[in-house]
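A.B. asks: One structure, as structure tokens, below. Some questions next.
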Amino acid sequence: MIHAITCLLWPLFGGCSPFIDYAVTPNALALNPVYYSGHPVIATGNVERLRQLRGASFGTPAETFYLCNGKCVQVFMREHTPMYEGERVSVRGFFSVTQRVGKLLLHNDIDAAEIFPRV
């Protein structure tokens, strides 16, 4: 908490990157995945190919879907959310080029911490 307050008061000292989310489009993520890999991002787009999962490898409910706005990126969330196909949402989480979750191998995906609807 002290580090976050220091970051707000003296942003020129650096070290603030854990508290900065890159606001990007799914199109930008798909075109330049290496640049955003490992960084926290917020992306907005439409939900496509929503799959709700529950398996022994996860231990809890999970879901995957594609977030599209021109091009698409895959999103993995470790819970079920009340969204539907075609809904416009914003996703906040960490972007990675390749991630393995149990038996799933995900490419160009956001490991979502939060999903909220957009109008």
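A.B. asks: Going through ARG54, ARG49 one at a time, which residue ends up being basic (Lys, Arg), closer than 23 Å to LYS103 by Cβ, touching a Ser or Thr at 6+ places or on another chain (Cβ under 9 Å) and modelled with pLDDT of 90 or more? If you could, list the steps in order and put the result at the bottom.
C.D. replies: Numbers: ARG54 fails: modelled with pLDDT of 90 or more.
Every option except ARG49 fails the conditions.
A.B. asks: If a residue must be touching a strand residue (DSSP E or B) at 6+ places or on another chain (Cβ under 6 Å), free of Cβ contacts under 8 Å to residues at least 40 places away in the same chain and surrounded by fewer than 16 Cβ atoms within 10 Å (Cβ to Cβ), how many such residues does segment 59-111 contain?
C.D. replies: Selection size over segment 59-111: 7.
A.B. asks: Starting from segment 24-36, keep only residues that are of a type outside the set (A, V, I, L, M, F, W, C) and modelled with pLDDT under 90, then list their pairs with residues that are crowded, with 16+ Cβ neighbours inside 10 Å and in a helix (DSSP H, G or I) whose Cβ atoms are within a distance under 7 Å, requiring at least 6 positions of separation or different chains.
C.D. replies: Listed pairs, sorted by first residue: TYR36/LEU29.
A.B. asks: Let me ask you something else. Can GLN99 be described as in a strand (DSSP E or B), touching a Leu at 6+ places or on another chain (Cβ under 6 Å) and at pLDDT 90 or above?
C.D. replies: So GLN99 does not fit the description; no.
A.B. asks: Which is aliphatic (A, V, I, L, M), modelled with pLDDT under 85, within 25 Å of ASN32 (Cα to Cα) and within 16 Å of the chain's Cα centre (by Cα), of LEU67, LEU105?
C.D. replies: It is LEU105.
The values are calculated or read from the model by the stated rules, or taken from the named source; none is laboratory data. Everything numeric in this text was worked out from a predicted model, so none of it was measured. Glycine gets a Cβ as well: all are built from the backbone with ideal geometry, and neighbour counts include every protein chain shown.
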